[in-house]
Structure formats: structure tokens, C-alpha cells
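Structure, as C-alpha cells:
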Amino acid sequence: MRYLLSGLLTAGLVMLAAPAAASSGATSDASGAAVTASDSAVNGTAGLLNHELRRLHSSEMVDLQERLGGAPLLLVNTASRCGFTRQFEGLEAVHQRYGERGLRVAGFSSNDFNQEIDEEGAAEVCFVNFGVTFDMFAPIAVRGPDAHPLFAELARQSEAPRWNFTKYLVNADGEVVERFGSSTRPDSRRMRGAIEALLADH
């Protein structure tokens, strides 16, 4: 009888504890550790952003997870002598308009389409000609077998860039929610609508 009562008491305590855990919004990972919604967001972006990249025309290395993790993102492969280079202006406008609401814009210089110049020239185009203040990173490969892991993951989730200024809208969980081709302007109604929807869910 004593063992039966003990077992019933233990079961009752477990049942009482379960709703409390559910109401806190916590789940458990494979190890049994509690995982909150904010933890899930950080872990989700880690696979995409768990890399270091050098800033454009700088020796500074940037931990992408620390810099961009947990935020909605607009990620773009760029080039400085492309017919779409003027989109830097629109990207900067998006950065200025939505930065305070949490959107992070990041550009990744690339010569995969043979339209990038040397880093010094690329930096002049970005920072001087177009007044870019969002994060810009040194040239990397963005497609094919040599693609940087960041863009390999973007391609896995959606599609690799077909040309310069392919724009990926990524949620705080590191998931691509929409991909925009080169011809879609950053200030277009379509892009603004997608950004507004993403920020509304953030």
C-alpha cells in the first residue's frame, strides 16, 4: 500500500508540472534541456550564419552569427560594374527605412559573373558613390562548387544566384522566405510588401 501511494503521488506531481512547462513556451531538445523560442531562433540562424567573413576593403573579420543572428535579413550578392549596380541606392534606402524595425541588410561582393573590380574600387563604388552604410563583405563565390557555405545554404533552401543583385529575404529562424531576382528593385512594391510582412511576423 505504501508503494502504491508513493507511485500515485509521483504521477500526480508529473501531471501538475507538465502544464507549467507548456505555458512557459519551452520545449526540450534531444538532450532534455529546455529550449525557448528565442533559443530556437538563434539555433536556426546558426547553420546559415556560422561563419566569419572579412569586411570589404578591411582587415576586420566579422562573426556573422554575432552580427546578424536572430534578426530578419536581406542578403544580396553584389558587383560594382554591373547594370544593376545602381541598386545599391535602393538597398541603402531599405536599410535606412527598415533598420530601426530590426531588418539587417548585408551585401556580399562577388566576381562570379566577372563584373566586380578590385576591392579598393568596389569599396569606392559602395561607400563613396552610393553612400552605403549597411554591412558589406569582401568578395566570395556565391554559386557552383566553390560557393561559400552561406550561399550554398541559401541555394539549398531556394536557388543559387543567376546574376548579381539576387536578393534573399530571410526570417529570424534562418529560413529563406522569398528570393528576388536581379531585375526586382529593392524599392519595388513587391519587395516592400514582403519586407513589411516579414517584419510584422518578427
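What follows draws every value from the coordinates through simple rules; no lab data is involved. Computed from a predicted model, the values in this text were never measured in an experiment. Note that each Cβ is placed from the backbone with ideal geometry, even for glycine, and that neighbours are counted across all protein chains shown.
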Do you know which residues across the range 146-155 are surrounded by fewer than 17 Cβ atoms within 10 Å (Cβ to Cβ) and either over 14 Å from the mean Cα position of the chain (by Cα) or of a type in the set (Val, Ile, Thr) (or both)? Asp146
Residue in the range 170-182 that is without any contact (Cβ under 8 Å) to a residue 24 or more places away in the chain and closer than 17 Å to Cys82 by Cβ present: yes
Close pairs from the range 103-126: first over 27 Å from Leu198 (Cβ atoms), partner surrounded by 20 or more Cβ atoms within 10 Å (Cβ to Cβ) and acidic (Asp, Glu), Cβ under 9 Å, at least 6 apart: Ala122/Glu116
